[in-house]
Amino acid sequence: MSKYNIAVIRGDGIGPEVIEEGLKVLNYISKKSNLNFSFTEFNWGSDYYFKNGFMMPDDALEKLANFDSIYLGAVGHPELQDHITLNGLLLPIRRQFDQYICERPSILYEGIDSPLKGYQAGQIDFIVIRENTEGEYANIGGFQYFGDSNEIGIQTGIFTRRGCERAITYAFELARKRGNKKLVTSVTKSNAQGFGMVVWDRAFKNISKNYPDIKTESLLVDAACMDFIRKPETFDVVVASNLFGDILTDIGAIITGSMGLAPSGNIDPSYKYPSMFEPVHGSAPDIVNEGIANPMAAIFSGAMMLSHLGEKKLSLIMQKAVEQLISEGNSLTKDLGGTSSTSEVGNSVVEYIKDLY
């Protein structure tokens, strides 16, 4: 029997609600297979900050290092500035465990209507690979004259050749595995950012030479945003810096139906450290405790976690169960035009999994 020790951080807002349904599905998968999960919960996040003055304790990263993976709900609170929540929990985990890949798929599923006219299921199917540990989110800089009318804030983006090349290499390898269009699109802004993004462009050019079987294109980020709307069917694997990847994947989620369908994996491809899986949607404080949050992104993220752990068959079962539920439309939350509650959707996914065994 395979056993995996998973750290669970439900976090803020709707995080606890959607992770509850993800755990429900994972526990059922465990009961039906030769698989055992040991879940350890940590109550870190904004509520922890209000009590203690920090998002997680000093030894948090040391504790997390012993787990096979991390399952995260959401980070963010309306009474806290985002830089407190992000730099207090999410970004330190990504950096400490060298989760330099953020993998975010965008797929238009059967049963979902894209807000873009004329697109059918499967016609939009791409993955954004976001460089996840440096770039614009490196958090290097500072203030002068803080609080004064002459206040200055300096924010420095960090682009290393090593950091760019390893993320870009991952994108090319993924394009080979996907076998669809075999296209990698680099997203840049080197016409305006003439240093860091030039390092990015040069890295893309260098790595592309190793993959003569893969087509390439380079788009300025404004053009990429436009083309995500204008012709999303043309994309396959998109590789982008930390900031650009973050922005583009929100567009990708919306054009494929809902933020509630968008999973992500913060991945250390070397497996030296635990990787972390989370829904893209964030804490959504406006719908907390209403029972209407869509747990599918959290469940899809759990499926990504299973795949990363090597349990690909079980990951596919979990993925297919959610896809069938979406296709038949019997249990959908408000964001997808349904009336089902968060827990009802989780229960329905379990029922679909029963039929797949």
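The values are calculated or read from the model by the stated rules, or taken from the named source; none is laboratory data. None of the values given here were measured: they were computed from a predicted structure. Here the Cβ is made from the backbone with ideal geometry for all residues, glycine too, and neighbour counts use every protein chain on show.
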Output for segment 284-317, where each listed residue is of a type in the set (A, V, I, L, M, F, W, C), assigned to a helix (DSSP H, G or I) and buried (at least 18 other Cβ atoms within 10 Å of the Cβ): I287, M296, A297, A298, I299, F300, A303, M304, M305, L306, L314, I317
Output the strands (runs of 3 or more DSSP E) that fall wholly within segment 170-261 and possess 3 or more residues being of a type outside the set (G, A, S) and either at positive phi or touching an Asp or Glu at 6+ places or on another chain (Cβ under 8 Å) (or both), or say none. 183-188
Any residue at all in segment 269-283 that's assigned by TED's automatic domain parsing to the domain that holds I29, part of a helix (DSSP H, G or I) and out of contact with any Lys or Arg (no Cβ under 9 Å at 6 or more places or on another chain)? no
When segment 121-169 is checked residue by residue, the ones that are surrounded by 15 or more Cβ atoms within 10 Å (Cβ to Cβ), among the small types (G, A, S) and touching an Asp or Glu at 6+ places or on another chain (Cβ under 9 Å) are A121, G157, G163, A167
Residue check for K320: more than 20 Å from the chain's Cα centre (by Cα) and either over 21 Å from I70 (Cβ atoms) or surrounded by fewer than 24 Cβ atoms within 10 Å (Cβ to Cβ) (or both): no
Which residues, counting only those in segment 1-29, are small (G, A, S) and crowded, with 20+ Cβ neighbours inside 10 Å? A7, G11, G13, G15, G22
Residue tally, condition free of Cβ contacts under 8 Å to residues at least 60 places away in the same chain and either more than 21 Å from G282 (Cα to Cα) or in a loop (DSSP other than H, G, I, E, B) (or both), over segment 1-42: 12
Identify, from the list I127, I112, the residue that is assigned to a loop (DSSP other than H, G, I, E, B), of a type in the set (V, I, T), modelled with pLDDT of 95 or more and within 29 Å of L72 (Cβ to Cβ). I112
In the set D82, D58, which member is closer than 23 Å to V288 by Cβ and either exposed (fewer than 15 other Cβ atoms within 10 Å of the Cβ) or hydrophobic (A, V, I, L, M, F, W, C) (or both)? D82
